[in-house]
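Below is one structure; the comments refer to it alone.
Each reported figure results from applying straightforward, stated rules to the coordinates on display, with no laboratory input. Model, not experiment: these values are computed from the prediction. No Cβ is skipped: glycine too gets one built from the backbone with ideal geometry, and neighbour counts run over all protein chains shown.
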Amino acid sequence: MTKFAYINNQPFPIEKGETMLSFLRRNLGKKSIPTLCDAPNLEPFGSCRVCSVDVALQQDGKTKAMASCHSPVFENAFIYPDSKNIQKLRKNIIELVLTDHPLDCLTCEVNGNCELQDVAAQVGIRAVRYPEGANHLDREKDRSHPYMTSDLSKCINCYRCVRACDEVQGEFVLNMAGRGFDAHIIKGFDQSFMQSDCVSCGACAQACPTSAISDVFESKSVVASSEKTRTVCTYCGVGCNLEVSTKNGKILSIQAPYEAEANGGHTCLKGRYAFKFYNHPDRLRTPLIRKNGDLVESTWEEAYDFICSKLTEIKTNFGPDAIAGISSARTPNEENYLMQKFMRAVIGTNNIDCCARVCHSPTALGMQRAFGTGAATNSIEDLNHTDCILIIGANPTDAHPVTGAKMKQKLMKGVTGIVIDPRRIELAKYATYHLQLRPGTNVALLNMMLYFIITEDAVDKDFVDNRTEGFKEFKEEILKLDIDQLECITGVDKHLVREASLAYAKANAGMEFHGLGVTEHSQGTFTVQLISDLAMITGNIGKKGAGVNPLRGQNNVQGAADMGAQPHQGAGYYDVTDPEINARYNTFYRSKVPDHVGYKIPEMFDAAINGSLKALWLIGEDVVQTDPNTQKVIRAMNNLDLLIVQEIFMTETAKYATVILPGTSFLEKSGTFTNGERRIQRVNKVVDPLPGTKSDGEIIVEIMNRMGYPQPPYTPEGMLEEISQIVPFFAGVTWENLTDNGLQWPVFEGGKDTKMLHQKEFKRSSGKGKFTFINWRESKEVETHGEEYPYIITTNRELEHYNCGTMTRRTGNVDILTEDVLMIHPKDAADHFIEDGEMVCVESARGKVDIKAFITDEVRPGVFSSTFHFPEIMLNNITSDVHDSEAMCPEYKVVMCRIRKSKGKFKTKQIST
């Protein structure tokens, strides 16, 4: 039955859980009630009382002033939001606030249009009766940070920055010190931004109503009068929405829209601040062709003629399979779709791959075997409905920061946390259980968990009996395992594993997340299958707050795979070897499409070295820096007759190119990205492409037409229409119906999307999930090189940089994190007489690198960890080309090595920002 409350004696229906403020704003408009301490992404606080309203229990009854932000609306409440009493109260509150704030806020151009000024105008203040600055505290400005500045002389002690740091990011850097008139905001132990533990997310700057803490830009008044464009972040797979402010074709700042479903008013420092690479002086601005050994400038026409002539020549003389393409998990769906279409329909080969398959192919294959689909089963919003979070092989606060912050908030509030990782990542500090296993033993540890769930009778029997198959055989094999042996293999106490297993099994809803620490192993696919087994055996599939949810490392990893940028599956994950599917592609593309599986990226390198692959077209991937066994990759690049590199900067790979085509960044193009929760979102062009550059979609279409294949001019709307006809889970997607927050696939005709998969049945032919037993086996890397190279090095990422750092090293992020370092346990450092900060030489069977030692107990003895953000280090000189046995994902996480002090000194070169 509908309940009503009254606004100025008019009835309005009440919605469940509403405060008076949300009730009033829903019915009167967002700006109907002024506030200062309130913000859309913060919990109600009630300190400023500017939002006060008069409330009575009956019409024309006695009223009481109440803060509407934290007062629940109740049935038959009579609310008077603008009574004379309330108007007087609000005006007096703001006058008092302004006495502790520079009075020029009301007129100052530099700080104009701040929120406090808006509120003052809304309550009718043009001047203040009280003495100027009576309680005002002068504070020194903090200009230590490349992105944020503070002038706390303007602070009104509303606590919004403190609460944003606590409630949104969970970092607790900001706090209030002193009492009464001496109360003031401090950072850390009264430090500067750069000295404190600030992670530079900017939540405090976005929350501040007075510019006491603000982004570093010209002025708020300039930003306020700018044009604003909604788009999607180019970095990780969280898919944060961004509101980009521009003026005269220049980007001024980026904010996070509060109503964005993916990120709800929050970003990390990369999304909010690391955008100035878009017009960096290093941007490629003209095509280059190698002549007499040197790359020289050319026109687009000359570059196109050269490419088309060489591709035609190679195809004619050596066949279409002598040509391959590597698409990009960084570019929109539409451009990935075009690239795979070009390779299949124009060239006639399935030699198409991308980072989506390289990094997360074990996820797709493992989940497809178990569930029938290889994508996240649930939405990130389900964190609000879970009571157990299992994180395996992922470091979300660094690699997926906005989702990581949400997890951190839940763990701090008592949700059970289980972290399975060789490193003591940040979330391990808040988790209930940290299972710190030896790298490469994921399968062994998951088998231990499954063993305890079975032997302790914690199986969800109804789910297993009704919705799965293969459990009887699976159980028989699990019960044969020697737990003591697995304890020795993993290095994790079996009693701790038992406790964690039962905590997950007995939770009402357990939500699993995994990343590259699962997939980048020789048993990566098998690990994903066991994670799926773990979810099914406990019934954690098809319900809120549960599921198997891969964390995607790049912004469009999910979308690139969806679009068919992989050698064994075309657009929509159709098997390219299936005759019926092949016939469908032939008809749809009006061209003969090959019916045999093409080269995966490692096979492309092998084929280039042995001479069978002659040409490679590569978009937005720096394989020389990011792929394993760097020297082998370089040999492959050097042995090609034609290497086309489509890029925005001169990368390590581009240095070996025959032709370089200057592409555009995400800020200069339109299309769609699909984030890790299957959310298809619009990317809207913010600024025009730099002169001399073209979008990847435009380039592909122009070459398709030059090679005789008629393809309409590139538009995201047109490409989405074509995609919706061949990709079944895009059937209901149009540019218009995506609106601001996008849709989660599968999207059915009419635009209805899907928040959760497998609610009633799985997508396998039987409709049931499949249990599969897998036994652990040692990596070939350990078997072959473990005796000579006794230490394990595993790779990781840091918050400040992104993959090979091509973009972030050309922003202020390089001032925050300046170099790659090697994490080494104090015991290992002592064994080799290594001091913190000394240069060390790390050597594997492939080569060696010199890198600075960082001594920390975040890693266990015998295990090192490092990043590959800086090309001066080139860590992948030592990584191996061992791959996942099923999907050929590189095993970055287990590299056998040895260590010694470095003989020479080494410095990291900085790029000017």
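Details
- Our summary gives region 780-901 a relative contact order of 38 percent, counting only alpha carbon pairs under 8 angstrom and 6 or more residues apart.
- Beta bridge orientation in the chain: antiparallel %, DSSP, nearest 5: 60
- Neighbour-count ranking [beta-carbon atoms within 10 angstrom, fewest first] of ASP460, ASP282: ASP282, ASP460
- Set of region 362-405 residues, backbone N closer than 19 Å to the point 7 Å along the Cα-Cβ line of GLU580: 372-373
- Under the simplified labelling scheme, the GLU43-LEU496 pair shows an inter-label distance of 3.0 nm, with each label point 7 Å from Cα along Cα→Cβ.
- As a proxy for reagent exposure, ranking THR519, THR312 by other Cβ atoms within 10 Å from fewest up yields THR312, THR519.
- Test item: Cα-centred dipole of region 605-697, Lys/Arg +1 and Asp/Glu -1 on Cβ, debye: 200
- Pairs of Cα atoms nearer than 8 Å and 6+ residues apart set the relative contact order; for the chain it is 13 percent.
- Taking every Cα-Cα distance in the chain and sorting them into 20 Å bins starting at zero, the pair-distance distribution P(r) comes out as 14, 44, 34, 9, 0 percent.
- Overall form of region 150-220 per C-alpha gyration tensor (a/c, 1.5; a/b vs b/c): rounded
- Dividing the mean sequence gap of close Cα pairs (under 8 Å, 6+ apart) by how many residues region 104-279 holds gives a relative contact order of 19 percent.
- For LYS91 and MET194, the difference between the fully extended length at 0.36 nm per residue and the C-alpha to C-alpha distance is 33.3 nm.
- P(r), alpha carbons of region 20-59 - 5 Å bins starting at zero, rounded %: 5, 22, 29, 27, 11, 5, 1
- Rg to Rh quotient for region 780-901, alpha carbon positions, Kirkwood Rh: 0.97
- Charge context of SER309, other residues only, Cβ under 13 angstrom, K/R +1, D/E -1: -2
- Largest-first principal axis extents of the Cα set of region 378-546 (Å): 41, 34, 27
- Going from the fewest other Cβ atoms within 10 Å to the most, the residues ILE489, ILE33 appear in the order ILE489, ILE33.
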